[in-house]
Each structure stands twice: as C-alpha cells, then as structure tokens.
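The values are calculated or read from the model by the stated rules, or taken from the named source; none is laboratory data. As the structure is a prediction and not an experimental result, all values here were calculated from the model. Glycine also receives a Cβ, built like all others from the backbone with ideal geometry; neighbour counts cover every protein chain displayed. Note: accessible area is taken over every heavy atom of the protein model, side chains too, but ligands, DNA and RNA are not part of it. Shrake-Rupley method; radii C 1.70, N 1.55, O 1.52, S 1.80 Å.
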Amino acid sequence: NQLLLLLGLGTPGRLLSPPTLPRRCPLLCICTADLLSCTQQDLHQVPTPLPATATSLDLSHNALVQLPSRWLAALPRLQALRLSHNQLADLAPQAFHNASHLRHLDLSSNALRAVRQHYFTTLLSLEELLLYNNGIVQVDEYAFIRLRSLQKVYLSWNNLAQFPFSSMQGLSHPNLTTLDLSTNNLSSIPLEEVAALPVYVRNGLYLHNNPVRCDCSLYQLFKQWQQRRLRSVQEFLEEHTCTASDGMARSSVRFLKYSKMFENCSSTQEAPGAPEVHISALIGEMLLMSCNASAHDPSASYMWISPRNEPLLHPGNGNRTLEVYHNGSLKITAARPWHSGIYLCMAIGKHHQLNKVHEVNVTVHYPRLDGESFNTGLTTLLGCVVSLVLVLMYLYLTPCRCLWCRRKAPAPSTPHECSAQSSILSTTPPA
C-alpha cells in the first residue's frame, strides 16, 4: 500500500485487500488432490464448478433427479463415478458423453425402470457397472453391446422377468467375469442360450433367488455346474431354489441341496448344451485338440480361450507353448500341470458372427512308476501287519523267561578289592 501511495495509485488511510482467487471446489463438497466428495448434502442438481484434476467423484446419498448433458466434459480424468442412493429415473442420451476414461460407475439404489440402448454407448473403458436395487424391469438387447472392457455387471434386486443372454455370447464381452442377476423375477431361464455362454461367463453368472419353475432341464444344468465347481453355484448352493406347484399350493425347493424329487431326471433328460469333451495327457506329452465348432464355413476364423482366460489366435501365444492352426486345431507342445482346465473354441464367420462354441476339458497328470506292484492301500496294510508282528515278538519272545535259562546262568563273582575301591570313587553303585 505504501508503494501504491508513492505512485499515486492508492488512497491514504485505506488498505487494499488481496485479490480473490476463483473457487475450484464446489460449495458443500470436499476436494483433495484428485478426489471430489459431495455425498449426503441433499443436492438436487450437479454442483459447479468441477475441478478438472478429479479422478473420482462421489455424488451418492443426495436428491438428484437428472443429469445434465455433457456435464462430464469438465472432468477429463474421471475414472470412478458414484451416483447411488439418488432419485434418477431416466438418463439423458448424452449424460455420460466425454467420459472415455470412466472405469467404475455406480447407479445402484435409484429409480431406474429400464436400461436403454443409449445409456452407456460412449463408456468404452467401463469395467464395473452397478445397477442393483433399482426396480429395473427391462434390459435392452444392445445396452452393453459396445462395452468390450466390461468385467462386472450387478443387476440383482430388481424386477427383471427376462434377460437378453444372447447378447453376452461369443466374443462380445471377452473380459466379463461377473453377471449378477440374482434376486429378480425370472420365472424361466432360456437354458439353451445360457448353456451357449462362454465358460468364463457361466462361472460368474449368478441366478439364485429367482422364482424359476422346477423341471429336469433346470436341475441337470445347475447340477452340471455344481459338478464342475463353477463359482456362481458353489458360493450360493442353498440359495438356488425353484418353485414347485401341486395344483393349489406353491413351495420353494432347494433343488441342489435336496435333490430327491429329481432322482428320475437323469434317465429322462440330459443337460442342455453341447457335451463336454474330456482329454487326459501325461506330463511332457504333445496334445492336439480339434475345434468342432465350424458350421461348414470355409472363411471362418478360430479363437481359443485358455483356462486362464487368455485369448489364443493363430499362430498361438508368445512363447509358442500353445499353437493355433488355420483349421482351428490347438496344439500343446509339452503338457504341464498348469495346462489343465477347460479350453473354449469359437468359430467366427466373415461377418464376425459366432457360428458355434466347442469346449474341451484337459487333465494333465504324472505318469505311474514302472514296475509298481502295490497300490497305496495294499502297501499301507502290509506295513500295519509287519508292525503288529514285531510288537508281538517283543512282548512274548523276551530272552531268559524260562527256568532252564536261569539255572544255566553263571553265579555272580565276588568283586575284587580294586573294584570296591573304584566303586567308592564312582557315583554309580556296584552291580
């Protein structure tokens, strides 16, 4: 201020306040280096301004009823968006535009009634999508068609009566490991469509707590999943129920735990889907598997999915331990224990349309030793018999138990004087 007075730019007796900086964090929000939290503030609209450095935005537990179009253009680095526990009933066509880096989206516990085709078309990097507890009754067939990076979708606790399983077949979602459709209103399941899903999708397909009708095809499918130890069945064994009706009363049956009513199903119907091929190989052996998934299309290309969810195209993986030929065959050059598991082959037509899926279950084991004459059970039994005989010999064949042995035993000799003297000096008493 003194400098300004000397220059004639100030007023005597009045101090100048420092210039106000533009606010980069919205009111009622907390901003850190790259996190923005506006939770539980009873917000009815998206706050502004939004800092461009934020990679995570939390707007949960508010009263938002709509999202503006292109509002995420101010957040070019955003990777996680949490919008749970609001009042969103619909999403604008451009609600998630300019969010190409978004990986986690939480829309759970809102008022959505459907999942439209235009909702998530621009979220090409999305990996986790949470839509549970919304009251959703419909999912569009093309709602997830462009989300090739999608790994986990949670649609439980809704009112879905059907789901487009065919949109999840083939190579449409190569990274999908969790599809949660539990606790909905599915009264029937299209078993052929479900059985045609890739094994990595079925492993994380949760269908428990739905009012599906009891029948043999349903039982056979889930029983096969249980025998193959698929995660979706193993983790919720008791929650897999079906609805049985005797004309008047309806009851819920835990058909995987109490399967007595399905004892005759094995002789009447088989599990839907193509039968699984089993192949065994020894350590170090070469293994060649054919892909019987072609629909007589000479222009078809082939892809294998390894037990580790590794996609295999011609000519094979990087170190050439797995080779893929033009006719679709897969070659394991030298079998190892980690090569065991289910291999999935898919034939793809020239229009990128899936023709058929073929599964092969490979088991790699160690060879038996040459000249092995006894199995483990017989060897154990023989060892027990030998041990018993040795114990009996020790108990009943102890030396000098008879009288003639004692009569022939020599009388103890009188200890010499030197022995007595030595015994005095020794701590051990004389015998």
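Structure above, values below:
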{"item": "Region 72-134 shape via C-alpha gyration tensor axes, a/c threshold 1.5", "result": "prolate"}
{"item": "Accessible surface of region 36-180 [probe 1.4 Å, protein heavy atoms]: carbon and sulfur percent", "result": "44 percent"}
{"item": "Euclidean distance between Cα centres, region 220-237 to region 30-83, Å", "result": "40 Å"}
{"item": "Amide H within-cut-off set for Leu205, under 5 Å, with H built and near neighbours excluded", "result": "Leu179, Ser232"}
{"item": "Apportionment of accessible area to carbon and sulfur, region 194-242, percent (1.4 Å)", "result": "43 percent"}
{"item": "Packing rank of 310-318, 147-155, where each peptide gets the mean count of other beta carbons within 10 Å, highest leading", "result": "147-155, 310-318"}
{"item": "Phi-based couplings in Hz for region 305-319 (Karplus 6.51, -1.76, 1.60; Gly and Pro marked x)", "result": "10, 6, x, 9, 6, 8, x, 10, 10, 4, x, x, 7, x, 8"}
{"item": "Largest-first principal axis extents of the Cα set of region 51-169 (Å)", "result": "42, 31, 21"}
{"item": "Separation of the Ala334 and Arg231 label points, Cα + 7 Å toward Cβ, nm", "result": "3.2 nm"}
{"item": "For Leu179, net neighbour charge (Lys/Arg +1, Asp/Glu -1) across residues whose Cβ lies under 11 Å away", "result": "+1"}
{"item": "For region 121-190: rounded, prolate or oblate by the Cα gyration tensor [a/c cutoff 1.5]", "result": "prolate"}
{"item": "Accessible area in square angstrom per residue, region 103-166, 1.4 angstrom probe", "result": "43 Å²"}
{"item": "Stretchable slack from Arg320 to Cys384, in nm (0.36 nm times residue separation minus alpha-carbon distance)", "result": "18.1 nm"}
{"item": "Region 33-94: C-alpha gyration tensor shape, a/c 1.5 cut-off, then a/b vs b/c", "result": "oblate"}
